[in-house]
Amino acid sequence: MRKTPLSIRWSIAARYLGLVAVALITVGPFLWLLSTALKSSGENIFQYPPSLLPQHPTLENFSRVLDSQPFLLYLKNSALVALLSVSANLLLASLAAYPLARMEFRGKNTIFVILLSSMMIPFQLLMIPVYNIAIHLGLQNTYLGLVLPHACTAFGVFLMRQAFLGIPRALEESAMIDGVSRLRIWWHLLLPLVKPSLATLAVFSFIAVWGDFLWPLIILDDPGYYTLPLGVNRLANTFSMDWRLVAAGAIFSIIPILLVFVFTQKYFIEGAMRGAVKG
């Protein structure tokens, strides 16, 4: 059996050490957040040198968060808004991407360039006109007002267009010869073939909607419609920045994102790597 040269072994070991270091840097803030949330009120969270492991771990901070603020209501609001926004983005973005990828019409390239250009405009430049439109439509303090800005994104249209372009046209042409309509081709033929891209878009959309703070802060003044980011901010103000409670509230807001990624990671990784590997 042929042995691996020593230089190659060292190279592989160095790569794994690098990956471990990156993983620790990535997971480190989350572990510190969890450590802070588990520390009791008698511990100094600002001590030097800092201590990652709590001396007396407790779940009291989580119970205090639930008792002091309607966090379950904030969780329900965030879950509802995220579910509606992600569903609308998947549906509308794939619908808009289909003609840009599979149909020929005048101005298609111009529309696509304008769409890509809109991705470079920060939301801070658009929030005043969007807010005025929402107010005139009576969308203040409504779930619809929270959902509509995320209902269809330029990034979603771009991602789905690229996914549709990777499907051989022969499949679509065969279906058209059999008399299948464009809408049925999109729904029954193309969408099942781009599930990894749909999962990737779902994860990115969910993270964007779940962590959105600015737009809910602008459009809402009724605490009954607050989402989790606003709830965590309100929690910080209520307890004069008790970082243990803020950390506990942040843990509540992070858990759903982790669960979504765990259940979609297979399709997410496949969709993210599709354009990186040929074959």
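The values are calculated or read from the model by the stated rules, or taken from the named source; none is laboratory data. Computed from a predicted model, the values in this text were never measured in an experiment. Cβ atoms come from the backbone with ideal geometry, glycine included; neighbour counts cover every protein chain shown. For accessibility, only protein heavy atoms count, side chains too; no ligands or nucleic acids. Shrake-Rupley method; radii C 1.70, N 1.55, O 1.52, S 1.80 Å.
Looking only at residues in the range 161-179 that are part of a loop (DSSP other than H, G, I, E, B) and touching a helix residue (DSSP H, G or I) at 6+ places or on another chain (Cβ under 8 Å), which one is farthest from Leu116 (Cα to Cα)? Can you show your working first?
The initial filter retains those residues of the range 161-179 that are part of a loop (DSSP other than H, G, I, E, B), namely 166-168, 178-179.
So of that shortlist, the ones also touching a helix residue (DSSP H, G or I) at 6+ places or on another chain (Cβ under 8 Å) come out as 166-167.
Working: Gly166: 19, Ile167: 22 Å.
Among those residues, the one meeting the criterion is Ile167.
So Leu100 fits all but one of (1) in contact (Cβ under 8 Å) with a residue 24 or more places away in the chain; (2) under 27 Å from Pro256 (Cβ atoms); (3) in a helix (DSSP H, G or I); what number is the exception?
Single failed check for Leu100: (2).
What are the residue pairs meeting all of these: first residue in the range 128-141, first residue at positive phi, second residue open to solvent by 50 Å² or more (accessible area, probe 1.4 Å), Cβ atoms under 9 Å, and 6 or more apart or on different chains?
Close Cβ pairs (under 9 Å, with a partner that is open to solvent by 50 Å² or more (accessible area, probe 1.4 Å)) amount to Asn141/Asp221; Asn141/Asp222; Asn141/Tyr225.
Search the range 40-64 for residues that are loosely packed, with under 11 Cβ neighbours inside 10 Å and pair each with any residue that is outside any loop (DSSP other than H, G, I, E, B) and of a type in the set (S, T, N, Q) when their beta-carbon atoms are under 9 Å apart and the residues are at least 6 apart or on different chains.
What qualifies is Leu52/Ser35; Leu53/Ser35.
So if I check each of Ile207, Ile218, which one is modelled with pLDDT of 85 or more, out of contact with any strand residue (DSSP E or B) (no Cβ under 7 Å at 6 or more places or on another chain), within 30 Å of Pro57 (Cα to Cα) and among the hydrophobic types (A, V, I, L, M, F, W, C)?
Details: Ile218 fails: within 30 Å of Pro57 (Cα to Cα).
Result: Ile207 is the single residue among Ile207, Ile218 that is modelled with pLDDT of 85 or more, out of contact with any strand residue (DSSP E or B) (no Cβ under 7 Å at 6 or more places or on another chain), within 30 Å of Pro57 (Cα to Cα) and among the hydrophobic types (A, V, I, L, M, F, W, C).
Look at Ala96 and say whether it is touching a helix residue (DSSP H, G or I) at 6+ places or on another chain (Cβ under 6 Å), open to solvent by less than 70 Å² (accessible area, probe 1.4 Å) and modelled with pLDDT of 90 or more. Write out each step before concluding.
Numbers: touching a helix residue (DSSP H, G or I) at 6+ places or on another chain (Cβ under 6 Å): yes; open to solvent by less than 70 Å² (accessible area, probe 1.4 Å): yes; modelled with pLDDT of 90 or more: yes.
Criteria met by Ala96.
From Val147, Val113, Val157, grab the single residue that is within 20 Å of the chain's Cα centre (by Cα) and either free of Cβ contacts under 8 Å to residues at least 12 places away in the same chain or farther than 13 Å from Trp215 by Cα (or both). Spell out how you get there, then give the answer.
On the way: Val147 fails: either free of Cβ contacts under 8 Å to residues at least 12 places away in the same chain or farther than 13 Å from Trp215 by Cα (or both); Val113 fails: within 20 Å of the chain's Cα centre (by Cα).
Only one candidate qualifies: Val157.
Scanning the range 1-25 for residues that are open to solvent by 100 Å² or more (accessible area, probe 1.4 Å) and not hydrophobic (A, V, I, L, M, F, W, C), which turns out nearest to Ala247 (Cα to Cα)?
Of the residues in the range 1-25, the ones open to solvent by 100 Å² or more (accessible area, probe 1.4 Å) are 1-3, 6, 9-10, 15-17, 19, 24-25.
Cutting the leftovers down to not hydrophobic (A, V, I, L, M, F, W, C) gives us 2-3, 9, 15-16.
On the way: Arg2: 53, Lys3: 50, Arg9: 42, Arg15: 33, Tyr16: 31 Å.
Per the criteria, the residue is Tyr16.
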